[in-house]
1. What whole-number value in cubic angstrom gives the convex hull volume per residue for the C-alpha atoms of the range 146-301?
2. Given the -39500 (n - 2.57) contribution per DSSP H run of 4+ residues, what per-residue ellipticity at 222 nm results for the chain, rounded to the nearest 500 deg cm²/dmol?
3. Highest mean first, what order results for 165-171, 181-187 on Cβ atoms within 10 Å?
4. Assuming 0.36 nm per residue, please report the length gained on full extension of the stretch D201 to R235 beyond their Cα-Cα distance.
5. Restricting to the chain, what percent of DSSP beta bridges are antiparallel, rounded to 5?
6. Could you check which residue among L47, L119, L145 shows the biggest mean-square fluctuation in a GNM of the chain with a 10 Å Cα cutoff?
7. Quick check: at a probe of 1.4 Å, how many percent of the accessible area of the chain sits on carbon and sulfur atoms?
8. What number in nm² do you get for the chain if you take the convex hull of its Cα atoms and divide its surface by four?
Amino acid sequence: MIRVLTGLVSLLCLVLGALGLSACSPLALFDAIGPRDTGGRQAAQDLPFAEGPRGGLDVYVPVKTVEHAPVLVFFYGGSWQSRQRGDYAFVGQALAAQGFVTVVPDYRLYPEAPFPAFLEDGARAIAWVRDNIAAYGGDPRRIVLAGHSAGAYNALMLALDPRYLRGAGVDPRTIRAVAGLSGPYDFLPFDHETSVRVFGDAPDKAATQPVTFAGPNAPPAFLASGEADTVVRPRNTRSLAERLRRAHVPVQERIYPGLDHSDTLLALSITFRSKAPVLAEMAAFLKGQAAGRQQVTIRQR
């Protein structure tokens, strides 16, 4: 059913474009016409965290007034080459309805920003969150990260490799937990056109891989994939989960039967939520870890 409905959305988008009425992506149209969670709302739009047209972010909050709520920074996918935060309002409202003050930032894309520029942008967004999120009811001591596809890669790299947060002036221990949906975490050697373009010039190829940094200082992780995903195969999720478990890091690993690459994202929406408990399980894990780690702890290597 997910594939049928997303196909219909794609067809409608093409028809509107042919009529000159719209120049949209299927995801943008889905976000525009689909139902939204009423428990969340957009509180701020296009707040700058960095210079340039892709240096803005949006903030979503629970409808019920909150104080010291957990904060979730969500990174969207698009192969590090496409998409924009405005297409993900359904995600922002869904996560806000779960009790998170939610931030959805943009980041620079290839070819303007090959690796690691988009990670540096993500770190700057997190620095903004730390410094400003209290004004929206969020607790800067309870920040968690999440993402889908390329955004899951961004979230896990920012959580696992401390260099990027430190470069933005953020203590890596600020991140209390991380969630990745259908993310690429272990994809050497580069054998796909996208990975060659985006990562091929990195002098240290191993340093582009989240699995390289899966050590005992990593925050707890929720890692999920669709069993039918042929874009980013579930072995990426399994590989990173195993590395983290070996380092004695709390991990919840979920491989959802029947779901493909886009399904794990669309399952966050009201329309497709019945297909798999992605939202409920991810939210429960992240809230539990944020609540359980009120005091910063330092793991010794």
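The values are calculated or read from the model by the stated rules, or taken from the named source; none is laboratory data. Since the structure is predicted, the reported quantities are computational estimates derived from the model, not experimental observations. A quick note on method: Cβ atoms are made from the backbone with ideal geometry, for glycine too, and the neighbour counts reach across all protein chains shown. Ligands, DNA and RNA are excluded from the accessible area calculation, which covers all protein heavy atoms including side chains. Shrake-Rupley method; radii C 1.70, N 1.55, O 1.52, S 1.80 Å.
1. That works out to 117 Å³ per residue.
2. Computed mean residue ellipticity for the chain: -10500 deg cm²/dmol.
3. Descending packing order for the listed peptides: 181-187, 165-171.
4. Taking 0.36 nm per residue and subtracting the Cα distance, the gain is 9.8 nm.
5. 30
6. Taking springs between Cα atoms under 10 Å, the residue moving most is L47.
7. 53
8. The number I arrive at for the chain is 14.9 nm².
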